[in-house]
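Trainee: Okay, here's the structure, questions in a sec.
The values are calculated or read from the model by the stated rules, or taken from the named source; none is laboratory data. Just so we're clear, the structure is a prediction, and the values are computed from it rather than from any experiment. For neighbour counting, all protein chains shown are included, and Cβ atoms are generated from backbone atoms with ideal geometry for every residue, glycine included. Accessible surface areas use protein heavy atoms only, side chains included; no ligands, DNA or RNA. Shrake-Rupley method; radii C 1.70, N 1.55, O 1.52, S 1.80 Å.
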Amino acid sequence: MNTVYLIVIASSLFFLFVVIGMTAKNKLTDQYAFMWLTFSIIGVVLAFALPYLNDFARAIGISYLPSLIFLLAFLVVLSLLIYHTHLLSKQEHRIKTLVQDVAFLQREIQEVRKEDSRS
Amino acid sequence: MTSKILIIVPAYNEEQAIVGTVQQLEQFDEYDYVVINDGSTDRTKEILEAHNFSHVTLPLNLGIGGAVQTGFRYAERFGYDYAIQLDADGQHDPEDLHHLVAEMKKRDVDMLIGSRFLEKSNYKGSWTRRVGILYFNYLLRLIARVNITDPTSGYRIVNRRVIEWFAKDYPVDYPEVEVIVKLARKGFKVEETKVEMNARQGGASSITPGKSVYYMAKVTFFSLIRSYI
């Protein structure tokens, strides 16, 4: 077992503990916590399976394993980004509606107050 | 039966022009108006309150699309038959209001746009603005099959059907051209009529050359994608 192998396993475990810690302290809402837990467990499994992955990469014609890992990681990160932009757009839309509703309510409150002060 | 007509005045940092514009509007008894103060950072809010002008103040700046949509939601809530959008900076002449309403009722269209270019008027814009307008005119003829000589004009009147539609869905930024495409492609009738436009009374145009490139690209992109897919 060489040093690189140990570093990969250690960092994947570290990542898993960070996610578990954040989940325990309620710093992630449930659905995101679950998503990141899944990712970090996959990370740990992959780290332990590194030697087998090497064989797999060679079998499908990739002579340099890290390029396969980079490719997969890149695709995962890209889909996450799109997903987050989608969530962001949804939030923006909701905030816009809320801001408009707050403005309407403020106007109504002002009108009621004016009527009160008159009567 | 008289129809209820609302004038929507979006205002962002318009402390210099707002009093003049609203005082002109208050001379029209037959129309209601509402100023949408889009989270202004200057004294617009205080001025609106001090003069007791009808207004809605957004606690945050939503940008022109969100502000105008607030007006349409207001019109939808309080049962208005027509809504007119009029800029607060004094560029739109309230003298044209009667003309817009009369033409709207006569032609029975869904949206009527006040155009500076149908006949010769006093308006002179920057060359970037004119290039943009020509480009949008061409784009609208191509995609929406309507000939609008002044597609970026913000001076426009819509009927109840469009009010209800806009209350639910309105573009966030640079909405003028995009809504024409959307309405025309949904089968709404969009036409235009001649109006006068003045030079602005205060403040600066929000459209810089860099932004107009973004404006053109954005509208083209969304018009194509949202019309054909």
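Trainee: Check the range B:95-113 and report whether any residue there is touching a Pro at 6+ places or on another chain (Cβ under 8 Å), facing chain A (nearest Cβ under 10 Å), among the β-branched types (Val, Ile, Thr) and surrounded by 22 or more Cβ atoms within 10 Å (Cβ to Cβ).
Mentor: no
So that you can scan it fast, the table gives a plain yes or no per residue for (1) more than 22 Å from B:VAL172 (Cα to Cα); (2) in contact with a helix residue (DSSP H, G or I) (Cβ under 7 Å, 6 or more places away or on another chain):
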| position | (1), (2) |
| --- | --- |
| B:ILE36 | no, yes |
| B:LEU58 | no, yes |
| B:PHE72 | no, yes |
| B:ARG77 | no, no |
| B:GLU95 | yes, no |
| B:HIS99 | yes, no |
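Trainee: Might you let me know whether the range B:66-79 holds any residue that is outside any strand (DSSP E or B), away from chain A (no Cβ under 14 Å) and surrounded by fewer than 24 Cβ atoms within 10 Å (Cβ to Cβ)?
Mentor: At the first step, the residues of the range B:66-79 found to be outside any strand (DSSP E or B) are B:66-79.
If we keep only those that are away from chain A (no Cβ under 14 Å) too, we end up with B:79.
Those still in the list that are surrounded by fewer than 24 Cβ atoms within 10 Å (Cβ to Cβ) too: B:79.
Yes, the conditions are met somewhere in the range B:66-79.
Trainee: Residue under question is A:VAL8, and the condition is that it be in contact with a Leu (Cβ under 7 Å, 6 or more places away or on another chain) and surrounded by 11 or more Cβ atoms within 10 Å (Cβ to Cβ); does it hold?
Mentor: Numbers: in contact with a Leu (Cβ under 7 Å, 6 or more places away or on another chain): yes; surrounded by 11 or more Cβ atoms within 10 Å (Cβ to Cβ): yes.
When the stated conditions are applied, A:VAL8 passes them.
Trainee: Please determine whether any residue of the range B:56-71 is touching a residue at least 12 places away in the same chain (Cβ under 8 Å) and more than 22 Å from A:ARG94 (Cβ to Cβ).
Mentor: Going residue by residue through the range B:56-71, those that are touching a residue at least 12 places away in the same chain (Cβ under 8 Å) are B:56-71.
Add one more test, that the residue is more than 22 Å from A:ARG94 (Cβ to Cβ), and what stays is none.
Checked the range B:56-71: no residue is touching a residue at least 12 places away in the same chain (Cβ under 8 Å) and more than 22 Å from A:ARG94 (Cβ to Cβ).
Trainee: Have a look at B:ARG129, B:ARG161 and point out the one that is modelled with pLDDT of 90 or more and in a helix (DSSP H, G or I).
Mentor: Result of the check over B:ARG129, B:ARG161: B:ARG161.
Trainee: Another question, then. Out of A:ILE95, A:ILE62, A:ILE42, report the one residue that is without any contact (Cβ under 8 Å) to a residue 24 or more places away in the chain, assigned to a helix (DSSP H, G or I), more than 14 Å from chain B (Cβ to nearest Cβ) and surrounded by 10 or more Cβ atoms within 10 Å (Cβ to Cβ).
Mentor: Result: A:ILE42 is the single residue among A:ILE95, A:ILE62, A:ILE42 that is without any contact (Cβ under 8 Å) to a residue 24 or more places away in the chain, assigned to a helix (DSSP H, G or I), more than 14 Å from chain B (Cβ to nearest Cβ) and surrounded by 10 or more Cβ atoms within 10 Å (Cβ to Cβ).
Trainee: Then there is this: Return the residue satisfying two criteria in turn: it lies in the range B:179-212 and is aliphatic (A, V, I, L, M) and farther than 19 Å from B:TYR228 by Cα, and of such residues it is modelled with the highest pLDDT.
Mentor: Of the range B:179-212, the ones aliphatic (A, V, I, L, M) are B:179-181, B:183-184, B:190, B:195, B:197, B:199, B:204, B:207.
In the following step, the residues that additionally are farther than 19 Å from B:TYR228 by Cα were identified as B:190, B:195, B:197, B:199, B:204, B:207.
Numbers: B:VAL190: 92, B:VAL195: 85, B:MET197: 77, B:ALA199: 66, B:ALA204: 55, B:ILE207: 64.
Among those residues, the one meeting the criterion is B:VAL190.
Trainee: Taking the range B:32-65 as the search range and keeping residues that are of a type in the set (D, E, K, R) and away from chain A (no Cβ under 13 Å), which one is least open to solvent (accessible area, probe 1.4 Å)?
Mentor: B:ASP42
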